[in-house]
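Report on the following structure.
The values are calculated or read from the model by the stated rules, or taken from the named source; none is laboratory data. Everything quoted here is computed from the prediction, not taken from an experiment. With ideal geometry, Cβ positions are generated from the backbone for all residues, glycine too; neighbour counts draw on all protein chains shown. Surface accessibility is based on the protein's heavy atoms, side chains included, excluding ligands, DNA and RNA. Shrake-Rupley method; radii C 1.70, N 1.55, O 1.52, S 1.80 Å.
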Amino acid sequence: MEIYNTLDKTATFDGFSSEDVVFEFDSSEYTPYYIPKSELELKVSGFKNSDGTYTIYPSFIWKTKARLRNDTFGFVLNNNNWTTVAGNVGMTMYMRNVTPGNHDSIYYDRASVSNYAGHAFTIPSGHGVKNHNHYEGHAHFKARPKGTSVDRTIILKYGDDTRSFWNGGTVSISIGVIGITITNTPDKYRQTDETLSW
């Protein structure tokens, strides 16, 4: 739906990549705070537009029950090879509960943090509170390559706030030349990132 609702009419498919991820495990933490492989999927697809820009679709898909409040999803291109197109970014978060066919969505029309290399969204503390069977988020943004060759790599990062009870506080996000940093994190906040190509 994200692609259908935002794709340019003259765009052509340019590639796709998907990766199951593993959160880094700190042995000092309890094992319930470790997410086994294949519980979170990060993926990206890209389309070339007729004006020379690319529309890129980074996504996350939880394969297990999760709460998304205070979670962060970000993505960044290499600033040496790309520049993002201002004003053309958004993300839809879909929630599916235990009732078959029952789902809901929230659209975020602006990123929490943006620069010329990428964007990051933080799910507000009032959203994604319920421990749903399935959450997924699909973002879109446009970027223009700086040279004649196209670097089809992107870094996707996900930060997961696993606290059972949210007691305030937000994380800090910064986007660098070729990466995203999440700081000021509470206890039981996990992070993972993947470099994918489309």
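For segment 62-90, how many residues meet the condition of being in a strand (DSSP E or B) and either over 20 Å from Ile154 (Cα atoms) or out of contact with any Ser or Thr (no Cβ under 9 Å at 6 or more places or on another chain) (or both)? Working first, answer last.
Keep residues of segment 62-90 that are in a strand (DSSP E or B), which gives 62, 66, 72-76, 82-90.
Of the ones still in play, those that are also either over 20 Å from Ile154 (Cα atoms) or out of contact with any Ser or Thr (no Cβ under 9 Å at 6 or more places or on another chain) (or both) are 62, 66, 75-76, 82-83, 87.
The total comes to 7.
Only residues in segment 42-71 that are in contact (Cβ under 8 Å) with a residue 60 or more places away in the chain and on the phi < 0 side of the Ramachandran plot count as the first member; pair them with residues that are among the charged types (D, E, K, R) and open to solvent by less than 20 Å² (accessible area, probe 1.4 Å), Cβ under 7 angstrom, at least 6 apart or cross-chain, and list the lot.
Qualifying pairs under 7 Å: Tyr57/Glu2; Arg69/Asp161; Asp71/Asp160; Asp71/Asp161.
If we scan segment 130-146, do we find a residue that is open to solvent by less than 40 Å² (accessible area, probe 1.4 Å) and in a loop (DSSP other than H, G, I, E, B)?
Filtering segment 130-146 for residues open to solvent by less than 40 Å² (accessible area, probe 1.4 Å) gives 132, 135-143, 145.
Among the residues that remain, those that are also in a loop (DSSP other than H, G, I, E, B) are: none.
No, segment 130-146 contains no residue that is open to solvent by less than 40 Å² (accessible area, probe 1.4 Å) and in a loop (DSSP other than H, G, I, E, B).
At pLDDT below 85 and either in contact with a strand residue (DSSP E or B) (Cβ under 9 Å, 6 or more places away or on another chain) or exposed (fewer than 14 other Cβ atoms within 10 Å of the Cβ) (or both): is that true of Asn102 in this structure?
Working: at pLDDT below 85: yes; either in contact with a strand residue (DSSP E or B) (Cβ under 9 Å, 6 or more places away or on another chain) or exposed (fewer than 14 other Cβ atoms within 10 Å of the Cβ) (or both): yes.
Judged against the criteria, Asn102 is a match.
How many residues, within segment 48-92, are surrounded by fewer than 18 Cβ atoms within 10 Å (Cβ to Cβ) and of a type in the set (A, V, I, L, M, F, W, C)?
3
Give segment 147-165 a look and list any residue that's in contact with a Lys or Arg (Cβ under 9 Å, 6 or more places away or on another chain) and not aliphatic (A, V, I, L, M), or say none.
Step one: filter segment 147-165 for residues in contact with a Lys or Arg (Cβ under 9 Å, 6 or more places away or on another chain), giving 150, 156, 158-164.
Once the filter is applied, which keeps residues that are in contact with a Lys or Arg (Cβ under 9 Å, 6 or more places away or on another chain) and not aliphatic (A, V, I, L, M), segment 147-165 yields Tyr158, Gly159, Asp160, Asp161, Thr162, Arg163, Ser164.
Consider only pairs whose beta carbons are under 6 Å apart and that are at least six residues apart or on different chains; among these, list those whose first residue lies in segment 1-15 and is on the phi > 0 side of the Ramachandran plot and whose second residue is in a strand (DSSP E or B) and surrounded by 15 or more Cβ atoms within 10 Å (Cβ to Cβ).
Listed by first residue and then by second, the contacts come to Gly15/Gly46.
I need the full set of residues from segment 147-161 which are at pLDDT below 90 and open to solvent by 30 Å² or more (accessible area, probe 1.4 Å), in order please.
Scanning segment 147-161 gives Gly147, Thr148, Ser149.
Being touching a Lys or Arg at 6+ places or on another chain (Cβ under 7 Å), open to solvent by less than 70 Å² (accessible area, probe 1.4 Å) and at pLDDT below 85 is the filter here; which residues of segment 166-188 pass it?
Result: Pro186, single match.
Residue by residue through segment 121-167, note down the ones that are free of Cβ contacts under 8 Å to residues at least 24 places away in the same chain and over 26 Å from Gly15 (Cβ atoms).
Ser164, Phe165, Asn167
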